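Visitor: Sharing a structure here in structure tokens format.
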Amino acid sequence: MKYPEVQNYINGQFVSCNNKRMDVDSPLTGAVISTVPLSAYNDVDEAVKSAKAAFPAWSGMTSKMRSQILYTYRMIVEQNVEILASIIHDENGKTMDEAIAEVRKSIELTEFACSVPQIAVGEVLEVSVGVECRTEYAPLGVVACINPFNFPHMVPHWTLPNAIAMGNCMVLKPSELTPVSSMKMAEMFKQAGLPDGVLNIVNGAKEVVEAICDHPDIKAVSFVGSTPVAQLVYRRAASNLKRCLALGGAKNHLIVLPDANLDLSASDIAASMCGSAGQRCMAASVMIAVGNVNPIIDKLCLEVSKYIPGTKMPPIISRKSRENLIRYIDEAEAKGAKLLVDGRKFSSDEHADPNGYYLGPTIIDWRETVTGMPDSEVFGPVFEIIQAGSVEEALSIQHKSPFGNAASAFTQNGAIAKMVAQNASAGMIGINIGVPVPREPFSFGGWNASKFGAGDITGKSSLGFWSQLKKVTSKWAKQEITDWMS
């Protein structure tokens, strides 16, 4: 195996787990690169005990002291971008360029957490004669985050830096498909001087997720994954009286008008649908063609042909996921949809191992079918086209989608762009942008069935999720001039 056996990380140490193990396959080759333990409730309990023991000292530090450790960690990550990217490449399949970009985003997220001493500062006001009120952010205690396979380094950094910067201690569960990145992350936090017990990592599958939702000493849980699982996690965590923010899937709609810039639109949509092999909740999923946009569609078909599996196009995460995507394409064709580009018949290059889980870009045209496009999420390099007669109709179609992560407008008309931005039912809007992910300090978060819980997972609004406000009202002496409060 290319990597050592994955272990749990508890109280600053990698610990053996006696539970059953499963293989970690590389989607690049299908080969086993490591194994991961399928932990149980008792393993989560040990991690929680460690975090609970570390909490008094960690929360007792000033936010400035905590941010200094995070800044040291940020520098260590900066010095090891290529090493971290190569792990992502091996376990997730991303191209090296995509993997490097993922690590760079983790650095940006950590930089934001380093600014917590300047952001989460509370307020002070003399509210009456001789009476002062002040607010301050207090940590929750032990918190947890449950992470997906598609961004094994970045998504943990959506939550971990902010949560610990606010004074919490964390139990982190990586995806069992991509657990190696989190081991390296733990090593770097240790090197940065993070006290033992502040970060704990428990590997596994469903049993670990349920244990996190059920454990009485875990105060808040974040989750990123598919909508059906997000709903289950939210219900289970909330039923146990925890805070929960669970991000689900998406089927992002792009409203494309005939006046859209031909080259910009085609290249941006191609990059959005093909990047990370479409395995991201912000990928372009559906074009709503308003009027005749065939020149843009023709150009898009040419652009996606440049995404050759092996170099510019990464594989699908697993054999099962690839089979599910092929089944979706088969069913669309059987329903009468036209395949403008058929990813089942891709040509790879010398970099694509024949045992890898590759699938080429696919464009499905539903415009002449009676059955219509399904509402289900398609987590892969599959892009679908439907028709609308007006922008109003396009918005109506978008509103019917159960999801609400992103929506975009491709047009040179500012009034139409504004209309889409104001009326689309999605948390993140793009104008001539296929992946409208906000940069820090703006927060990431969708609407509808793409998110369960209040607030967003990154940026300023995330700090409220990982803390609670404490209000202190004080009076030190009797005043000659008084009012009802003093």
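The values are calculated or read from the model by the stated rules, or taken from the named source; none is laboratory data. Keep in mind it's a predicted model, so treat the numbers as computed, not measured. A quick note on method: Cβ atoms are made from the backbone with ideal geometry, for glycine too, and the neighbour counts reach across all protein chains shown.
Visitor: Does any residue of the range 72-81 turn out to be at pLDDT below 95, assigned by TED's automatic domain parsing to the domain that holds His153 and surrounded by fewer than 14 Cβ atoms within 10 Å (Cβ to Cβ)?
Guide: Looking through the range 72-81, none of the residues is at pLDDT below 95, assigned by TED's automatic domain parsing to the domain that holds His153 and surrounded by fewer than 14 Cβ atoms within 10 Å (Cβ to Cβ).
Visitor: Also: List the strands (runs of 3 or more DSSP E) inside the range 182-268, counting only whole elements, that have at least 3 residues being modelled with pLDDT of 95 or more and out of contact with any Ser or Thr (no Cβ under 9 Å at 6 or more places or on another chain). Spell out how you get there, then give the answer.
Guide: On the way: elements: 199-201, 218-224, 243-247, 252-256.
In the range 182-268, the matching strands (runs of 3 or more DSSP E) lie at 218-224.
Visitor: All but one of (1) touching a helix residue (DSSP H, G or I) at 6+ places or on another chain (Cβ under 9 Å); (2) under 21 Å from Val293 (Cα atoms); (3) outside any loop (DSSP other than H, G, I, E, B) hold for His399; state the number of the condition that does not hold.
Guide: It is condition (2) that His399 fails.
Visitor: Now a separate question. Is one or more of the residues making up the range 28-36 touching a helix residue (DSSP H, G or I) at 6+ places or on another chain (Cβ under 9 Å) and closer than 24 Å to Trp158 by Cα?
Guide: The answer is yes, given that some residue of the range 28-36 is touching a helix residue (DSSP H, G or I) at 6+ places or on another chain (Cβ under 9 Å) and closer than 24 Å to Trp158 by Cα.
Visitor: Filter the range 165-185 for residues that are closer than 19 Å to Asp45 by Cα and over 18 Å from the mean Cα position of the chain (by Cα); which is surrounded by the fewest Cβ atoms within 10 Å (Cβ to Cβ)?
Guide: Asn168
Visitor: Please go through the range 190-217 and give me each residue that is on the phi < 0 side of the Ramachandran plot, under 21 Å from the mean Cα position of the chain (by Cα) and surrounded by 22 or more Cβ atoms within 10 Å (Cβ to Cβ), ordered by number.
Guide: Leu199, Asn200, Ile201, Val202, Asn203, Val208, Val209, Ile212, Cys213
Visitor: Got at least one residue in the range 277-289 being on the phi > 0 side of the Ramachandran plot and outside any loop (DSSP other than H, G, I, E, B)?
Guide: There is at least one residue in the range 277-289 that is on the phi > 0 side of the Ramachandran plot and outside any loop (DSSP other than H, G, I, E, B).
Visitor: Here is a further query. Determine whether the range 123-137 contains at least one residue that is in contact with a strand residue (DSSP E or B) (Cβ under 7 Å, 6 or more places away or on another chain), of a type outside the set (D, E, K, R) and without any contact (Cβ under 8 Å) to a residue 40 or more places away in the chain.
Guide: Scanning the range 123-137 turns up at least one residue that is in contact with a strand residue (DSSP E or B) (Cβ under 7 Å, 6 or more places away or on another chain), of a type outside the set (D, E, K, R) and without any contact (Cβ under 8 Å) to a residue 40 or more places away in the chain.
Visitor: Still on this structure, please answer the following. Of the residues Glu126, Glu102, only one is buried (at least 19 other Cβ atoms within 10 Å of the Cβ) and more than 26 Å from Gly60 (Cα to Cα); which?
Guide: Glu102
Visitor: Restricting the first residue to the range 67-81 and requiring it to be closer than 11 Å to Gly193 by Cα, which pairs with a second residue that is aromatic (Phe, Trp, Tyr) and assigned to a helix (DSSP H, G or I) meet a Cβ separation below 6 Å and a spacing of at least six or different chains?
Guide: Pairs found: Tyr73/Phe189.
Visitor: Have a look at Val198, Val290, Val202 and point out the one that is of a type outside the set (S, T, N, Q) and in contact with a Gly (Cβ under 8 Å, 6 or more places away or on another chain). Write out each step before concluding.
Guide: Working: Val198 fails: in contact with a Gly (Cβ under 8 Å, 6 or more places away or on another chain); Val202 fails: in contact with a Gly (Cβ under 8 Å, 6 or more places away or on another chain).
Matching residue, one of Val198, Val290, Val202: Val290.
Visitor: Oh, and also: Taking the range 426-459 only, how many residues are surrounded by fewer than 16 Cβ atoms within 10 Å (Cβ to Cβ) and in a loop (DSSP other than H, G, I, E, B)? Working first, answer last.
Guide: Step one: list which residues in the range 426-459 are surrounded by fewer than 16 Cβ atoms within 10 Å (Cβ to Cβ), which gives 431, 438-439, 441-442, 454.
Still in the running and in a loop (DSSP other than H, G, I, E, B): 438-439, 441-442, 454.
Matching residues across the range 426-459 total 5.
Visitor: What pairs come out if I take residues in the range 172-185 that are more than 13 Å from Asn200 (Cβ to Cβ) and pair them with residues that are of a type in the set (Asp, Glu) and crowded, with 24+ Cβ neighbours inside 10 Å whose C-beta lies under 6 Å away, six or more apart or interchain?
Guide: Thr178/Glu91; Val180/Glu91
Visitor: Of the conditions (1) within 20 Å of Leu300 (Cα to Cα); (2) in a loop (DSSP other than H, G, I, E, B); (3) touching an Asp or Glu at 6+ places or on another chain (Cβ under 7 Å), Arg367 clears all except one; give me its number.
Guide: So Arg367 meets the others, but not (3).
Visitor: Which is within 17 Å of the chain's Cα centre (by Cα), crowded, with 24+ Cβ neighbours inside 10 Å, in a helix (DSSP H, G or I) and not small (Gly, Ala, Ser), of Asn150, Asn162?
Guide: Being within 17 Å of the chain's Cα centre (by Cα), crowded, with 24+ Cβ neighbours inside 10 Å, in a helix (DSSP H, G or I) and not small (Gly, Ala, Ser) holds for just one of Asn150, Asn162, which is Asn162.
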